[in-house]
Amino acid sequence: VVAGQYASVLDAIKGQKSEFIFEEETISLTPTVGAFITMNPGYAGRTELPENLKALFRSCAMIRPDLKPICENMLMSEGFIKARPLANKFVQLYSLCSQLLSKQMHYDWGLRAVKSLLRQAGSLKREEPESDENPVLCRALRDFNTPKIPGHDTPVFLRLIADLFIGLDVPVKIDETTKQNVLRVARNQGLQEIGRAHV
């Protein structure tokens, strides 16, 4: 259906018409109209375009983004002074994660995930503007990624962070109010706290 609709628009442009029939209605045509499709063919959940629609578009490929300068610039914009060495650690971690962790549908070690995490790191930096930047980024990387990593990959991920941020023991920040609310709801549901489970 979409292929037929867009073909009628292209035919009107080629015919240099000011009006054309679209879905049984006469509509005006802006000759500079254009349509673009952005796709990541290898991305989870994406399907290929049908051939009749593909034929109406000219394809072009883009190279992978260079994450180091992007990461460095975003860190600087979030207020980090040691942006270059931190960007190197960040990109190294994500590169190693994509190679060493198991293949999961929900894993994303690309630009979208990088940007989300850097915003998180920026908010942590603004909360503690005078603190050392290494622990701030370490905490962001660990706390933002750990919840999405299955148990069998967690030790590998934590070891990678420990190797990149040598000697850093960054405590996990816990919101006590949220923790107590979660424990209360868990007890009300008849669930057992992990820390008190009997093995």
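The values are calculated or read from the model by the stated rules, or taken from the named source; none is laboratory data. Quick caveat: nothing in here was measured; it's all calculated off a predicted structure. Here the Cβ positions follow ideal geometry from the backbone for every residue, glycine too, while neighbour counts run over all protein chains shown. Areas reflect the complete protein model, heavy atoms only, side chains present, ligands, DNA and RNA absent. Shrake-Rupley method; radii C 1.70, N 1.55, O 1.52, S 1.80 Å.
Key figures
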{"item": "log10 of Debye I(q)/I(0), alpha-carbon scatterers only, for the chain at 0.10, 0.11, 0.14, 0.17 Å⁻¹", "result": "-0.67, -0.75, -0.93, -1.15"}
{"item": "Cα-based Rg of segment 1-112 normalised by 2.2 N^0.38 Å, two decimals", "result": "1.65"}
{"item": "Asp108-Leu191 pseudo-label distance in nm [points 7 Å out on the Cα-to-Cβ vector]", "result": "2.5"}
{"item": "Angle between the chain longest axis and helix 67-77 axis [Cα atoms, degrees, rounded to 10]", "result": "70"}
{"item": "Amide H partners (placed H, <5 Å) of Phe22, local residues excluded", "result": "Ile27"}
{"item": "In Å², nearest 10: area of Glu127 left accessible to a 1.4 Å probe", "result": "120"}
{"item": "Partner lysines for Lys68 [C-alpha distance under 21 Å; skip if fewer than 8 residues away on the same chain]", "result": "Lys82, Lys89, Lys115, Lys125"}
{"item": "Sequence-separation-based contact order of the chain, relative, with Cα cut under 8 Å and 6+ spacing, percent", "result": "14"}
{"item": "Table column - 3J(HN,Hα) (Hz), segment 133-148, Karplus curve with 6.51, -1.76, 1.60, x for Gly and Pro", "result": "7, 4, x, 5, 5, 4, 4, 4, 4, 6, 6, 6, 8, 3, x, 9"}
{"item": "Segment Leu53-Thr26, extension gain: residue separation times 0.36 nm, minus the distance between their alpha carbons", "result": "7.4 nm"}
{"item": "Vicinal HN-Hα couplings computed from phi for segment 82-92 (Karplus, 6.51 cos²θ - 1.76 cosθ + 1.60; Hz; Gly/Pro x)", "result": "8, 4, 5, x, 5, 4, 4, 5, 4, 5, 4"}
{"item": "Sequence-distant lysines (8 or more away, or on other chains) whose Cα lies within less than 21 Å of Lys179", "result": "Lys148"}
